[in-house]
Amino acid sequence: MTPPLILSIAWLTPFAASIVALSTIPPLIALYFLRLRRARRVISSTMLWTRATQDLRANAPFQRLRFSILLLLQLLALALVILAIAQPQVDLGESQAARVVFLIDRSGSMSTLDGIDGATRLAEAKRLAADRLRALHGGGLFSGPAPAVMVIAFAKDGQLLCPFTDNVAQAIAAVEGIEPTDETTSLLDSLELARAFTTVTDPDNASPVVADPPAYELFSDGRISDLNRTVLRAGEKLVYHRIGKSTTPNAGIGALAAARNPDRPDEVQIFARVVNWGSTAYSSDLEVRVDDRLRAVTPKPIDVPASAIDARGGIQVAGETQVVFPSLSMPTGGVIEVRLAQNDALVADDRAAVIAAPPEALRVAVVGRGAFVIRSLLEGMSLASLELFALADWNAKVRADPASPDAFDVIVIDDAMPDALTRGRYLIFNAPPASAGVSPYGTKESAIVRSVRDEHPLLQYVNLDDLFIGSMQAVAAGGDIEVIVEASEGPLIMTMNRGSLTYVYVAFDPMESDWPFQRGFVNFFANAVTWLAAGGNSVADEPLAPGDVAKARLPRGAQGAMVRLPGGEEVALPGADASSISYGPLRLSGIYRMHWTESKGQLGPTQLAFAVNMNSRAEGRTETAQEINFATERVAGVQGGGLTESALWPWLLLGALAVLCAEWWVWLRRV
């Protein structure tokens, strides 16, 4: 339930108003008690006797006051002036603070085009924040002290743009300089950043003390991912300025993957998932471009159902449609991009891209038993080489040359475990890799699949609903292990990537299950070999998310590395002559291209491409939240730039002027 707004009034200068009231109201009333002093005279007529009696009665001192419209109007005008001097402020549930922190959301959803005249939400937030700053520092004859203001822009993390200052021009310049991003939204980091400037440490108290809790002015659409972990501390107040419309629909590409056909490596299969957060169904053509050249279009528009409320969890769930494109001939590497032909209010998620690596014939080794089904699958793939090793022979080979695993693109270990796993790319069946993050503690019988991360590249076209496992290894996965398939008895399939060491571990023997008799096993095996050969990425280089850092290893002798941003601007990379470089965070979605100059005689590629996709479910949901729900409380939104406090003294002075005009008119009528 939304907490009610409590209307209260704060008085900025009540002492000055009290002095004026004591100095003016008693004399005004006393004037009506005074009696005029007249000399006695003998008159020849009583015609004016009645009027003279009334006049004497009106000027008799200390008599009972009679009703006078003039006195009433004069007291009313004086009261309005005194109230104006006291500077009343209408406060809608928020108290005055000496410090105000402006939190400006610049995440991906703030690029939605539903503002005034088609402006983005970020542009609207910046305009309203600047207006609010001017209002706080408006000044005036009876104005109180203006608060110190801080400006923080936030998305995936917070960035301090202006520390506490009373220079409104500096704060407005900081607001106007905020640039958009396509990142997700996190508020907790920004609150901690602001608290660092208001928290003092008491040596006699282990807990930090907030000396002067600030008031927060949040300009956002409310789609914040970490609200359940965010708590306002004692004394802190927050006003949520609601930006955008609560009815803006959005559809986008929620996931994109590409896979090379193991039997025909020069062909690429493309998979896309389109999501719809709107309340009505969405329809659009879907395009595939390779290196910016149109290669395929869906034969008819795809239909995506409307979002709905999940009956079990009571949360809104986007409508989804899976799209599989026919195989495309792609004998070389390149950029694969999928676009929605019909753009909506949020453009950034209407396209997504992956970087396809060039095909290559793989070198594969099999260590251990080498079951017939595994050998058959490998022999059916177009491999450069396939070598079989007994466990003892493999251990001897690695002891003689620790770098020997690097001679193979993929190493399949069938129900055996080498002495040590320190480098290489492995597909491991049954025997747990205890030396590389997996802790075995026995076996379990009769297991079925409970949960699956079906968006993982390893599980493309892999259906595990009917899988029955007679016996499995009971293992505990370490902190750097990613579990992608799980049974009630524990993890079934997991991955680990430590740079030089990458593996996929299947915690059961396929021959102890019915998996080899299912099509899903063939697809999983092909996916795993291709994924491992790509270094633990998907078939194509795995796209980055906005806010990530791009890392690359350049050829020896490479010089003058540059990065070309999605908008075409080129930026020189610091430390560009090093063999290993990084650039980021990558704030916007799109294609980033690194290029460099090679030394004389150096062979190899002279550029690398990175795809950054905005496929966050939180950012794709563009309906503005009516309220934000913190871990312990709710804050209702204020539409647009609605202010929480408003000065009443100008209106009181206008009222006093109107009363004086009325008093003058009454006096003229009586005279």
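The values are calculated or read from the model by the stated rules, or taken from the named source; none is laboratory data. These numbers were taken from a predicted model, which means no experiment stands behind them. Note that each Cβ is placed from the backbone with ideal geometry, even for glycine, and that neighbours are counted across all protein chains shown.
Scanning the range 210-249 for residues that are closer than 16 Å to residue 636 by Cβ, among the polar types (S, T, N, Q) and assigned to a loop (DSSP other than H, G, I, E, B) turns up just one, 246.
Number of residues in the range 473-485 that are part of a strand (DSSP E or B) and either farther than 18 Å from residue 509 by Cβ or of a type in the set (Phe, Trp, Tyr) (or both): the value is 6. Looking at residue 273, is it farther than 30 Å from residue 384 by Cα, surrounded by 20 or more Cβ atoms within 10 Å (Cβ to Cβ) and of a type in the set (Lys, Arg)? Considered against the rule, which asks whether it is farther than 30 Å from residue 384 by Cα, surrounded by 20 or more Cβ atoms within 10 Å (Cβ to Cβ) and of a type in the set (Lys, Arg), residue 273 comes out as no. Has the range 498-513 got any residue that is assigned by TED's automatic domain parsing to the domain that holds residue 428, in contact with a helix residue (DSSP H, G or I) (Cβ under 6 Å, 6 or more places away or on another chain), surrounded by fewer than 20 Cβ atoms within 10 Å (Cβ to Cβ) and closer than 17 Å to residue 412 by Cβ? Within the range 498-513, not a single residue is assigned by TED's automatic domain parsing to the domain that holds residue 428, in contact with a helix residue (DSSP H, G or I) (Cβ under 6 Å, 6 or more places away or on another chain), surrounded by fewer than 20 Cβ atoms within 10 Å (Cβ to Cβ) and closer than 17 Å to residue 412 by Cβ. Selection within the range 348-373: residues that are β-branched (Val, Ile, Thr) and at pLDDT below 90. The member of this set that is nearest to residue 621 (Cα to Cα) is 355. Those strands (runs of 3 or more DSSP E) of the range 344-397 in which 3 or more residues are surrounded by fewer than 21 Cβ atoms within 10 Å (Cβ to Cβ), touching a residue at least 12 places away in the same chain (Cβ under 8 Å) and in the same structural domain as residue 523 (by TED's automatic domain parsing) occupy 383-389. The range 291-332 holds strands (runs of 3 or more DSSP E) entirely within its bounds, and those carrying 1 or more residues that are touching a residue at least 60 places away in the same chain (Cβ under 8 Å) and under 16 Å from residue 275 (Cα atoms) map to 319-329. Restricting attention to the range 401-426, the residues that are farther than 14 Å from residue 497 by Cα, outside any strand (DSSP E or B) and of a type in the set (D, E, K, R) add up to 5.
Note on the range 289-321: residues that are within 28 Å of the chain's Cα centre (by Cα), of a type in the set (A, V, I, L, M, F, W, C) and surrounded by 17 or more Cβ atoms within 10 Å (Cβ to Cβ) amount to 2. Listed by first and then second residue, the pairs with beta-carbon distance under 9 Å, at least 6 apart or on different chains, first residue in the range 482-493 and at positive phi, second in a loop (DSSP other than H, G, I, E, B), are 490/507.
For residue 514, state whether it is at pLDDT 90 or above and among the acidic types (Asp, Glu). When the stated conditions are applied, residue 514 passes them. Return the residue satisfying two criteria in turn: it lies in the range 426-455 and is surrounded by fewer than 18 Cβ atoms within 10 Å (Cβ to Cβ) and of a type in the set (Gly, Ala, Ser), and of such residues it is farthest from residue 525 (Cα to Cα). Result: 442.
Is one or more of the residues making up the range 390-402 modelled with pLDDT of 90 or more and on the phi > 0 side of the Ramachandran plot? No, the range 390-402 has no match at all. Is one or more of the residues making up the range 589-598 modelled with pLDDT under 75, small (Gly, Ala, Ser), in contact with a strand residue (DSSP E or B) (Cβ under 6 Å, 6 or more places away or on another chain) and outside the structural domain of residue 111 (by TED's automatic domain parsing)? No, the range 589-598 contains no residue that is modelled with pLDDT under 75, small (Gly, Ala, Ser), in contact with a strand residue (DSSP E or B) (Cβ under 6 Å, 6 or more places away or on another chain) and outside the structural domain of residue 111 (by TED's automatic domain parsing). Among the residues of the range 276-288, those identified as under 19 Å from residue 347 (Cβ atoms), of a type outside the set (D, E, K, R) and either surrounded by fewer than 16 Cβ atoms within 10 Å (Cβ to Cβ) or out of contact with any Phe, Trp or Tyr (no Cβ under 9 Å at 6 or more places or on another chain) (or both) are 277, 278, 282, 283, 284. Look at the range 456-474 and say how many of its residues are buried (at least 18 other Cβ atoms within 10 Å of the Cβ) and farther than 22 Å from residue 532 by Cα. Number of matching residues: 4. Of all the residues in the range 619-639, those that are within 16 Å of residue 229 (Cα to Cα), surrounded by 14 or more Cβ atoms within 10 Å (Cβ to Cβ) and aliphatic (A, V, I, L, M) number 2. Considering the conditions (1) closer than 24 Å to residue 480 by Cβ; (2) at pLDDT 90 or above, residue 540 is excluded by exactly one of them, (2).
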